[in-house]
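Read the structure below first, then the notes.
Read the figures in this text as sums done on the coordinates, not as results from a lab. Because the structure is a prediction, the values reported are computed rather than measured. Cβ atoms come from the backbone with ideal geometry, glycine included; neighbour counts cover every protein chain shown.
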Amino acid sequence: MIDLKFIRENTEDVRQMLAERHTEADLDRLVELDTRWRENLTHTQSLKAHQNQVSQQIAQLKKAKQDATETIAEMRELSQKIKELTAEANAAKAEIDAILLTIPNMPEASTPVGTSEADNIEIKTWGELPSFDFELKPHWELAEQLGLVDFQRGAKVAGSNFVLFKGLGARLERALIQFMLDLHTTQHGYTEISPPFLANRPTMTGTGQIPKLEADMYRCDRDEENPDSDLFLIPTAEVPVTNMFAGEILSGDELPIYYTAYTPCFRREAGAYGKDTRGLQRIHQFDKVEMVKFTTPETSYVEHEALLANAESVLQALGLPYRVVQHCTVELSFAAAKCYDIEVWAPARQRFLEVSSCSNFEAFQARRANIRFRRTAGAKPEFVHTLNASGTALPRVVIALLETYQNPDGTLRVPAVLQSYIGGLTQIG
RNA sequence: GGUGGGAUGGCUGAGUGGACGAAAGCGGCGGUCUUGAAAACCGUUGUGGCGCAAGCCACCGUGGGUUCGAAUCCUACUCCCACCGCCA
């Protein structure tokens, strides 16, 4: 979330940001509540100061074996008044916090103001777009023919847009996971994490999935009496990994921290029906290797560029052409201040597919999850900056592999870096 | 799933209604001493909120409650530990 103080002092900037993101939040109500809450608080606190003083006097009277009945009777009234005012203040603060959770992050200065995907900026491209002298098969056709994916049975077991990998398809999936984890841990200095695949409500709130995107999450355990105990299937490893340090104060010399994690990711994709759902492009459960960084505020943008390079290196090693685009204001995700997308080239359909979102959240998630650090022993705690990037999402990489490395006879070449992970096979089919 | 025990500052740990934001020890930081270090000694050392400020307020796992006053009493919950049951 954004600092309440910042909103108080820069209300119009926040209003403009909401407009540029095409988002709504009850900013006026927030400002009004904030004023009322602070007035109440100041008043209540002075009453409490008085209460504390008199309470001590009562203690002294009692010690001196003197009668305090009259004073106690007076205090009873004050106590009641304080209780009422506190209840009002708490109600106001609860509403303030609820609104705060719905306000997205302030975009970083270089973010272009835009109204659609078309306003994203292409930052770079890598690799030659390949040309073919035969007609390419779309990935879903090839995957079925090679027996790598069983779309029918995936749907039978779980429903539409769930898939089942089979044989070398399953093995390819596993090979890609291994390859990516090995790359990040041995070449880029990341520590591997294998987190829970379920997360509770505070954890989901910490990274910003809740409350805004709750409808997109699978909730698999509901506890009416303790909503905090509700469990959700994670939509990305970002959620459990970033929240590892929720409520903690790290020491400055631990930073930066680099973590990488493989997890399946679960997304209801509510409202996305019929949109690019053919084959592996948009499925409810997919595998992903994620990278998460915790950094000091002053280094986060340098770290962001390095993170992008780490993610890119996956596609480079696989020999898959891609481009990098920077999100404009309406495309920027709720919690991000700056975001690059890496989009891999899918030659059969002649289009780029997003396989990684590389974001700097600055202190937005850290403030929600209360993740802080001390520069030196004894220094004041400050919020860390959090960043993450997919490194990368698998199904769309599989799409690109199928479409890029297919032969005219319907067989598939295996990129060199994957061969050792797949029993030395150079070709599938 | 059952029974029992627990949760206090960076850590260990005292505190069962009134000067307790909290003893003591360890650790950290600063200093004295020392050629330097160690030891010893002295000092210091939580977080957040409101306020222009002085300052005030809050926080002893979390939420409610009792009371003039709660770390302390009541209550619900969460997590941790141990044992039993079940189980890959």
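Annotations
- Across the stretch A:113-120, computed HN-Hα scalar couplings (Karplus, 6.51 cos²θ - 1.76 cosθ + 1.60, θ = phi - 60°) run 6, x, 10, 7, 3, 5, 8, 5 Hz from first to last residue, x flagging Gly and Pro.
- Taken about its Cα centre, chain A carries a charge dipole of roughly 880 debye when the Cβ of each Lys and Arg holds +1 and the Cβ of each Asp and Glu holds -1.
- Put simply, the amide H of A:V355, placed in the peptide plane, has neighbours under 5 Å in A:I342, A:E343, A:V344, leaving out anything fewer than 5 places away on its chain.
- For the peptides A:179-188, A:223-232, residues were scored by their other Cβ atoms within 10 Å and the scores averaged per peptide; the highest-first order is A:179-188, A:223-232.
- For the pair the stretch A:251-300 and the stretch A:198-233, the centres of their Cα atoms are 17 angstrom apart.
- Test item: Cα-centred dipole of the stretch A:176-309, Lys/Arg +1 and Asp/Glu -1 on Cβ, debye: 660 debye
- Farthest toward positive dipole pole in the stretch A:337-407 [+1 Lys/Arg, -1 Asp/Glu at C-beta], among A:T404, A:Q350, A:L387: A:L387
- Radius ratio Rg over Rh of chain A, counting only Cα atoms, Kirkwood formula for Rh: 1.10
- Full extension of the chain between A:D228 and A:E382 yields a length gain of 52.8 nm, computed as 0.36 nm times the residue separation minus the alpha carbon distance.
- Lys/Arg +1, Asp/Glu -1 at C-beta; chain A dipole; positive extreme among A:L231, A:A363, A:V163: A:L231
- Candidates A:T207, A:I82, A:V324 compared by Cα position along the dipole of chain A: farthest toward the positive end lies A:I82, with charges placed on Cβ.
- Here the gap between A:F162 and A:F6, fully extended at 0.36 nm per residue and compared with their Cα-Cα distance, gives a gain of 51.8 nm.
- Rounded to the nearest 20, the size of the Cβ-charge dipole of the stretch A:109-250 about its Cα centre is 360 debye, with Lys and Arg at +1 and Asp and Glu at -1.
- For A:K338, distant residues with modelled amide H under 5 Å away: A:E108, A:N360
- Theoretical FRET efficiency, 1/(1+(r/R0)^6), r = Cβ-Cβ of A:A59 and A:S313, R0 60 Å, to 0.05: 0.30
- Extended-chain gain in nm, criterion 0.36 nm per residue less alpha-carbon gap, A:T411 and A:V302: 35.0 nm
- Ellipticity estimate at 222 nm from DSSP helix runs (n ≥ 4, -39,500 (n - 2.57)) divided over chain A, nearest 500: -12500 deg cm²/dmol
- For the stretch A:394-401, putting each phi into the Karplus relation 6.51 cos²θ - 1.76 cosθ + 1.60 with θ = phi - 60° gives couplings of 7, x, 6, 5, 4, 4, 5, 4 Hz, in residue order, rounded to whole numbers and with x for Gly and Pro.
- Using θ = phi - 60° and Karplus 6.51 cos²θ - 1.76 cosθ + 1.60, couplings along the stretch A:56-67 (whole Hz; Gly, Pro as x): 5, 4, 4, 4, 5, 4, 5, 5, 7, 6, 9, 7
- Cβ-based net charge around A:T86, under 13 Å, with every Lys or Arg adding one and every Asp or Glu removing one: +2
- Net charge of Cβ neighbours under 10 Å - reference A:I7; Lys, Arg +1; Asp, Glu -1: -1
- In this structure, the pairs whose alpha-carbon distance is over 21 Å, taken from A:K124/A:K288; A:K48/A:K83; A:K5/A:K380; A:K48/A:K93; A:K293/A:K338; A:K156/A:K288, are A:K124/A:K288; A:K156/A:K288.
- Once both labels are positioned 7 Å from their Cα atoms along Cα-to-Cβ, the gap between A:A155 and A:Q16 label points is 5.0 nm.
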